[in-house]
Amino acid sequence: MNMPLVVEAAYTVAAVCFILSLMWMSHPSTSRRGVQMGEAGMLLAIIGTLQLKQVVDYPLIIAALLLGSLIGVPLAYKMPMTAIPQRTAISHSLGALAVALIGVVEMRRLGAEGRGLSFASAALGFEMLLGFVTCTASVLAFAKLQELVTTRPMVFKGQQLLSLTVFLGAAGCAVALALHPQNGILLAAFVGLSLVFGVLLVAPIGGADMPTVIALLNSYAGLAASAMGFALSNKLLIITGALDGASGFILAMIMCKAMNRSFANVMFGGFGQVAAGASGGEARPVRSASPEDAALMLENANSVVIVPGYGMAVAQAQHKVSELYQALSGKNVDVRFAIHPVAGRMPGHMNVLLAEANVPYERLVEMDDINGELANTDVALIIGANDVVNPAARDDPKSAIAGMPIIEADKARTVMVIKRSMNPGFAGIENELYYLDKTHMLFGDAKDFVSGMVKELSGGGMHKSASG
Ligand code: NAP
């Protein structure tokens, strides 16, 4: 399609906005600007597209806008930060469905025009395959993360053979459809097989790996949009799809590296199938402490490293943690935060929460930089983290998380762990760190426990410390 100059110009500026947006989003200090730039780019892209008067059906666009807002606004406001992975999954599924349905309409149009094999029909076959697969795969990923279905890998005998057969069937139909776009039965079989393959792809993957799978699905959805751009000769779709596809893939790679896992292990490893020994055995003794005891130990320390994890996010304890940082800094305790790349449920989860609570960014130290200093640290205070400080990853080659880099909190002189129980973390495995002589378990909700410590440190608690 020949685009009017004004549309070409809007698309070009929008593409530049998206590239700048990605660049700025890669650092917390510029990420807000990055999001705003992305929004501006999207607005420009929409305004540009609305100028294509010969193809745009305005009443339909308004109806879609209303329907989309009706779903999107509550999603944005109602879902908590901890549910970002499943929110991302469900929005991917809708995006992928939109791309796939446009593919169906375009394929039907090519069929009605009596066209045979063309570049457009081949690109459409590819994008519909990715679109439909991503749609059902994302819905299942959402259901697993929201615990609407079991988070365990769903495996059965002959599953891989069935998956391969269904995939080959869908891919075969895509090729046949590219040759015969007018064939409705082929189209129906293709859509059905692609949707089933999406389910088969995600079913054997455990809930623990869903965030990585979602990043991969993000990349598939981007590729589908890019292929759609080729089919419709729309340069903006090609560029944004490629950016989306590449960034999703890079994110998935970063997650795999931080967990010391391969893509194949994530997709086919059945991780999380057995919760090895988790909280199933006999109860072993641990040493516990109260907020008053913990506050006293922190106050008497010279150096404290706080290791935040998923539990801090669940408890929404970041503001109280920031107050704890201020109270201790006011008493000349050197406090830093150790950030593991996969702490929480998405990369950068801890950075975002602590930035929101105004913890100075220079106090956040990456895992590789802090690990060498932990042996000289008085107290490692773990707040709702588990897997990312589990020494089994380093010491036990048979562990489900063997080889995953960890924050070596066990090397600090004293270890304190805030969590509600002895339950395991995401990987479902026991943590020997809790049983060390130097470890104090601080049982309770992270927000309540940290509040108790802050109260104590600011002189509002029962215990008045004389030390400094
Ligand atoms: P984790 O291993 O899931 O442990 C979180 C701990 O927080 C739990 O042991 C839980 O114990 C505690 N907790 C929950 N709610 C709490 C509350 N209200 N107050 C206090 N404690 C609470 O978390 P993590 O150490 O951050 O590790 C992240 C895991 O996610 C890793 O296995 C990682 O591989 C995986 N993962 C992360 C990403 C990512 O991008 N970040 C991606 C894929 C996978 P209680 O129930 O006893 O309180």
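For the reader, a short list of remarks on this structure follows.
- Some residue of region 214-227 being out of contact with any Leu (no Cβ under 6 Å at 6 or more places or on another chain) and more than 26 Å from P347 (Cβ to Cβ): yes
- Against the conditions (1) open to solvent by 10 Å² or more (accessible area, probe 1.4 Å); (2) modelled with pLDDT of 90 or more, A137 satisfies every one except (1).
- The listed residues are V321, V335, V342, and the only one of them that is within 16 Å of the ligand (Cβ to nearest atom) and closer than 21 Å to A301 by Cα turns out to be V321.
- Applying the criterion of at least 1 residues that are closer than 24 Å to Q316 by Cβ, under 24 Å from the mean Cα position of the chain (by Cα) and touching a residue at least 40 places away in the same chain (Cβ under 8 Å) to the helices (runs of 4 or more DSSP H) found wholly in region 330-431 leaves 349-356, 367-371.
- Of the set (1) open to solvent by less than 10 Å² (accessible area, probe 1.4 Å); (2) assigned to a helix (DSSP H, G or I); (3) in contact (Cβ under 8 Å) with a residue 40 or more places away in the chain, all apply to E323 but (1).
- Region 291-312: number of residues that are within 32 Å of the chain's Cα centre (by Cα), part of a helix (DSSP H, G or I) and of a type outside the set (A, V, I, L, M): 2
- Of all residues in region 192-214, those satisfying the criterion of being modelled with pLDDT of 90 or more and assigned to a helix (DSSP H, G or I) are G192, L193, S194, L195, V196, F197, G198, V199, L200, L201, V202.
- Residues of region 16-60 classified as closer than 26 Å to V105 by Cα, of a type outside the set (S, T, Y) and part of a helix (DSSP H, G or I), total: 10
- A count restricted to region 405-432 and to residues that are open to solvent by less than 20 Å² (accessible area, probe 1.4 Å) and within 10 Å of the ligand (Cβ to nearest atom) stands at 8.
- Search result, residues across region 434-454 that are part of a helix (DSSP H, G or I) and within 11 Å of the ligand (Cβ to nearest atom): Y434, A446, K447, D448, F449, V450
- Looking only at region 231-263, residues that are of a type in the set (A, V, I, L, M, F, W, C), open to solvent by 60 Å² or more (accessible area, probe 1.4 Å) and either touching a strand residue (DSSP E or B) at 6+ places or on another chain (Cβ under 6 Å) or away from the ligand (no atom under 16 Å from the Cβ) (or both) come to 1 in all.
- Taken over region 151-189, residues that are among the basic types (K, R) and closer than 18 Å to R108 by Cα amount to 0.
- From I250, I254, residue being closer than 30 Å to M23 by Cβ, modelled with pLDDT under 90 and not in a strand (DSSP E or B): I254
- Pairs where the first residue, in region 292-314, is within 8 Å of the ligand (Cβ to nearest atom) and the second is among the basic types (K, R), C-beta under 6 Å, 6+ apart: G311/K419
- Matching entry among V6, V56 (being more than 31 Å from the chain's Cα centre (by Cα), open to solvent by 60 Å² or more (accessible area, probe 1.4 Å) and farther than 30 Å from P347 by Cβ): V6
- Residue match in region 433-447 (condition: surrounded by fewer than 22 Cβ atoms within 10 Å (Cβ to Cβ) and either at positive phi or of a type in the set (S, T, N, Q) (or both)): yes
- Candidates S31, S118, S91, filtered to the one that is within 18 Å of the chain's Cα centre (by Cα), open to solvent by less than 50 Å² (accessible area, probe 1.4 Å) and farther than 26 Å from A141 by Cα: S31
- Candidate set: region 149-191, residues that are in a loop (DSSP other than H, G, I, E, B), among the polar types (S, T, N, Q) and within 30 Å of F426 (Cα to Cα); chosen: the one least open to solvent (accessible area, probe 1.4 Å): T151
- Total residues in region 217-240 satisfying the condition of being without any contact (Cβ under 8 Å) to a residue 40 or more places away in the chain and among the aromatic types (F, W, Y): the figure is 0.
Every residue, every condition in (1) more than 27 Å from V454 (Cβ to Cβ); (2) among the acidic types (D, E); (3) in contact with a Leu (Cβ under 8 Å, 6 or more places away or on another chain); (4) at pLDDT 95 or above, yes or no:
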{"site": "A375", "(1), (2), (3), (4)": "yes, no, no, yes"}
{"site": "G403", "(1), (2), (3), (4)": "yes, no, no, no"}
{"site": "L436", "(1), (2), (3), (4)": "no, no, no, yes"}
{"site": "L442", "(1), (2), (3), (4)": "no, no, no, yes"}
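- Leading residue by the ranking (farthest from A83 (Cα to Cα)) among those in region 352-369 that are open to solvent by less than 20 Å² (accessible area, probe 1.4 Å) and within 15 Å of the ligand (Cβ to nearest atom): M367
The values are calculated or read from the model by the stated rules, or taken from the named source; none is laboratory data. Note that the structure is a prediction, hence the values are computed from the model and not measured. Here the Cβ is made from the backbone with ideal geometry for all residues, glycine too, and neighbour counts use every protein chain on show. Accessible surface areas use protein heavy atoms only, side chains included; no ligands, DNA or RNA. Shrake-Rupley method; radii C 1.70, N 1.55, O 1.52, S 1.80 Å.
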